[in-house]
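The values are calculated or read from the model by the stated rules, or taken from the named source; none is laboratory data. As the structure is a computational prediction, the values presented were derived from the model and not from experiment. Heads up, the Cβs are rebuilt from the backbone with ideal geometry, glycines too, and the neighbour counts pull from every protein chain shown.
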Amino acid sequence: MDDKLVTAIVIAAVLVLVFGSWALAWRARRRRHASTALPTPPADPGALRSEHRVLHVATTRADAPLERLALPGLAFRSAATLAVHDGGLALVLAGRAAPVFIPASRLLGAGRANWTIDRGSGGDRLVFVRWTVGEGAAAVEADTNLRGDDPGALLAAIESLLPAPAPTGESA
């Protein structure tokens, strides 16, 4: 047998093994997160405070920007509109019929980031929203990473829904 043919067969076998393993791992991740119900908007989400055109970059496990969550509708990058209501955030994703609604009560924080899985922004142009996904023992803290035209205004709008920090107990 020709050495080039053996080399080609070995390389092809390794590639099939790598891509097959990747596909099986992604399938298992999707199955694990498929039962996680994302909140839908209530009949009255409250007054609309602001609206922002954004790119949903990724939703990852909190403080683990390389661990993508395969949540229905949030598994991949998508153009979106973020509506900030008194009751929470409504994320309307292109190609998804129902918006993902993050109630203000589930918001844990927000901030700036300069990278997340497979995407660097060249500065603090990404805004992450930290929130609780799921219920009970299956609850996970997630970071939904958004990129907008005006990250400062986007972050300020999201932070307006966060509870005020507890007093430190120091007197002036």
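Out of all the residues in the stretch 1-11, is one or more farther than 23 Å from Trp131 by Cα and at pLDDT below 80? Break it down stepwise before answering.
Residues of the stretch 1-11 farther than 23 Å from Trp131 by Cα: 1-11.
Subset that is at pLDDT below 80: 1.
Yes: the stretch 1-11 contains one or more residues that are farther than 23 Å from Trp131 by Cα and at pLDDT below 80.
Filter the stretch 115-139 down to the residues that are over 20 Å from Asp86 (Cβ atoms) and either modelled with pLDDT of 90 or more or among the β-branched types (Val, Ile, Thr) (or both) and list them by number.
Thr116, Ile117, Phe128, Val133
Restricting to the stretch 67-102, count the residues that are more than 16 Å from Leu55 (Cβ to Cβ), touching a residue at least 60 places away in the same chain (Cβ under 8 Å) and hydrophobic (A, V, I, L, M, F, W, C).
5
In this structure, is Ala142 outside any strand (DSSP E or B), surrounded by 17 or more Cβ atoms within 10 Å (Cβ to Cβ) and modelled with pLDDT of 80 or more?
The answer is no for Ala142.
With farther than 21 Å from Arg53 by Cβ, over 14 Å from the mean Cα position of the chain (by Cα) and modelled with pLDDT of 80 or more as the only criterion, which of Ser171, Ser160, Ser105 stands out?
It is Ser105.
Given the structure, is Pro41 closer than 22 Å to Gly134 by Cα, at pLDDT below 90 and surrounded by 12 or more Cβ atoms within 10 Å (Cβ to Cβ)?
Details: closer than 22 Å to Gly134 by Cα: yes; at pLDDT below 90: yes; surrounded by 12 or more Cβ atoms within 10 Å (Cβ to Cβ): yes.
Criteria met by Pro41.
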